[in-house]
Amino acid sequence: MSMQGSVLAVGKCLACLEFMLLPVWQGIRASSGIGDGWSQGLGRCLRWEPSSPGQGPRMPVFDYPVWLVLCRRGRARLREVCQRGRGVIRLPADILRFKLPQLYDNHQIPKVFREDSIISGYRHPKSSALDCVLSSFHMNNETMNIWTHFLPTWYFLWRFCVLCSTLNFLTDSYTWPLLVYMVLICIYPFTSSCAHTFSTMSPESRHICYFFDYGALSLYSLGCAISYGHYVIPDCWVNSFVHQHFVPIAVGNALFCTSLSCYSRFLELQFPKRSKVMRTVAFIVPFIFDTAPLFYRIVLCCGGNCGSSSALSSHCYHLLFAFLTCFLFTAHLPERLAPGRFDYIGHSHQLFHVSAVVGTHFQMEGVIADMMSRRAWLVGHGATPSFLSTIGVLVVSFALNLGVIGIFSAPLLWKPDQSHAAARERKEQ
């Protein structure tokens, strides 16, 4: 850079600085007149001379070095500018007095709120809804559980929007199984995030929140069955008895999953191991049934009869992460090896969430790849999806699962002993 260019750059920087600080100087000038002195001092530092005879002033020439501007009362003036600027950006007193909510250890909260090998970082067991929302923005033992499912929700929504711009979900019936699947993989992580957020309002709300979480997971398993039954089904299974009854059986599995997992929460305090086993079985049974067509295709591929290799590779990655998810859910590692060391970051439930989301991503890619590559063959063999076997099944299953959740929630919301006591008090009055 030439000398003239360097001087021009410095002049522009000083002009920008004067423009940015002009409102503050005006406030100071109104009270102390320092703004005029500053402008005069800056004017004495710079003068503009023509670069050649007959041309206007273009190049600044310094009478003395710039650092003298700051040395000659510059520090005092900058200090006053900062003091006046501090009043402009002063935070309200309520914000300055804000304190993070208190966190508790496992011996300070009721047993229903405790998690295996998690010692500290618990929220208040009777938090308000606003407290629960705010708790997601400060570190506790549920913060990462909330965000590891809330952020993937937006990722799946983005993928859904991209598919909506490329596929015709309204009139093309072949895309309806994918529509059902995409809706449900957006719902289940969001429901889980809400369950972890509002699970500390009361013992009853904790159970009900996780009832909805289990219901969303069971509907997700139904979405997997619908997409697998229409896109992933092996060629030799098309139009067979299994193919025709695949989705209805999946509806029964979804209701079984919701019912058994909700019932397991009532045994959690007295029989924790039995409750864990029942909940694990509730999710494993639909998984084994849904992935049976995929396992069959993988066996055929091992025998040399492979279909879409890109789809099968994505499905294999999904199965790998599905097994990892099941292991993390049942093993409670690594917090079981070092209780209290992974209370906030790194415990098994967070890893379980991450593994489940990554597995769902590979599953989604495999389903989309199968849908695109097998369309001509499936439609040619009469395997066109119907409204009843896709969207109709989703609506019916959604209503049935809500009914199951309502049945298990009713004893928690309505307590006969309290109602009889209240009625007795009214009679006495």
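The values are calculated or read from the model by the stated rules, or taken from the named source; none is laboratory data. Because the structure is a prediction, the values reported are computed rather than measured. Every residue, glycine among them, receives a Cβ derived from its backbone with ideal geometry; neighbour counts consider all protein chains shown.
Okay, residues lined up against (1) without any contact (Cβ under 8 Å) to a residue 24 or more places away in the chain; (2) surrounded by fewer than 17 Cβ atoms within 10 Å (Cβ to Cβ); (3) of a type outside the set (Lys, Arg):
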| site | (1), (2), (3) |
| --- | --- |
| Cys186 | no, no, yes |
| His196 | no, no, yes |
| Phe211 | no, no, yes |
| Tyr220 | no, no, yes |
| Gly223 | no, no, yes |
| Gly229 | no, no, yes |
| Asp235 | no, yes, yes |
| Val247 | no, no, yes |
| Arg265 | no, no, no |
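Could you pull out the residue among Leu269, Leu255, Leu300, Leu294 that is under 17 Å from Tyr210 (Cα atoms), in contact (Cβ under 8 Å) with a residue 24 or more places away in the chain and more than 28 Å from the chain's Cα centre (by Cα)?
Criteria check complete, one pass: Leu269.
So Ser355 clears everything in (1) closer than 30 Å to Ser264 by Cα; (2) at pLDDT below 95 except one condition, right? Which one?
Of (1) closer than 30 Å to Ser264 by Cα; (2) at pLDDT below 95, only one is false for Ser355: (2).
From the list Leu394, Leu388, Leu400, which one is of a type in the set (A, V, I, L, M), closer than 20 Å to Leu184 by Cβ and free of Cβ contacts under 8 Å to residues at least 24 places away in the same chain?
Working: Leu394 fails: free of Cβ contacts under 8 Å to residues at least 24 places away in the same chain; Leu400 fails: free of Cβ contacts under 8 Å to residues at least 24 places away in the same chain.
Sole residue among the options that is of a type in the set (A, V, I, L, M), closer than 20 Å to Leu184 by Cβ and free of Cβ contacts under 8 Å to residues at least 24 places away in the same chain: Leu388.
Could you figure out which of (1) closer than 19 Å to Tyr228 by Cβ; (2) assigned to a loop (DSSP other than H, G, I, E, B) isn't true of Thr360?
Here Thr360 meets the rest and fails (2).
Considering each of Tyr214, Tyr210, Tyr181, Tyr188 in turn, give the residue that is in the same structural domain as Ile288 (by TED's automatic domain parsing) and over 26 Å from Asn140 (Cα atoms).
Just a single option satisfies the conditions, and that option is Tyr181.
Tell me, which residue of the range 152-182 that is surrounded by 17 or more Cβ atoms within 10 Å (Cβ to Cβ) and of a type in the set (Val, Ile, Thr) is nearest to Val354 (Cα to Cα)?
Here the answer is Thr153.
Let me confirm something: among Phe321, Phe289, which residue is more than 22 Å from the chain's Cα centre (by Cα), at pLDDT 95 or above and either in the same structural domain as Val180 (by TED's automatic domain parsing) or of a type in the set (Asp, Glu) (or both)?
Going through Phe321, Phe289 in turn, just one is more than 22 Å from the chain's Cα centre (by Cα), at pLDDT 95 or above and either in the same structural domain as Val180 (by TED's automatic domain parsing) or of a type in the set (Asp, Glu) (or both): Phe289.
If I go through the range 387-417 residue by residue, how many of them are among the small types (Gly, Ala, Ser) and in contact with a helix residue (DSSP H, G or I) (Cβ under 7 Å, 6 or more places away or on another chain)?
Total satisfying the criteria: 3.
So, Leu163, is that one over 30 Å from Met364 (Cα atoms) and either among the small types (Gly, Ala, Ser) or modelled with pLDDT of 65 or more (or both) or not?
On the way: over 30 Å from Met364 (Cα atoms): no; either among the small types (Gly, Ala, Ser) or modelled with pLDDT of 65 or more (or both): yes.
Taking the combined requirement at face value, the residue does not satisfy it.
From the list Ile187, Ile226, Ile208, exactly one residue is hydrophobic (A, V, I, L, M, F, W, C), in contact with a Leu (Cβ under 8 Å, 6 or more places away or on another chain) and under 18 Å from Tyr263 (Cβ atoms). Which is it?
Testing whether each residue is hydrophobic (A, V, I, L, M, F, W, C), in contact with a Leu (Cβ under 8 Å, 6 or more places away or on another chain) and under 18 Å from Tyr263 (Cβ atoms) leaves just Ile208.
Against the condition in contact with a helix residue (DSSP H, G or I) (Cβ under 6 Å, 6 or more places away or on another chain), assigned to a helix (DSSP H, G or I) and under 21 Å from Leu222 (Cα atoms), how does Tyr296 come out, does it pass?
no
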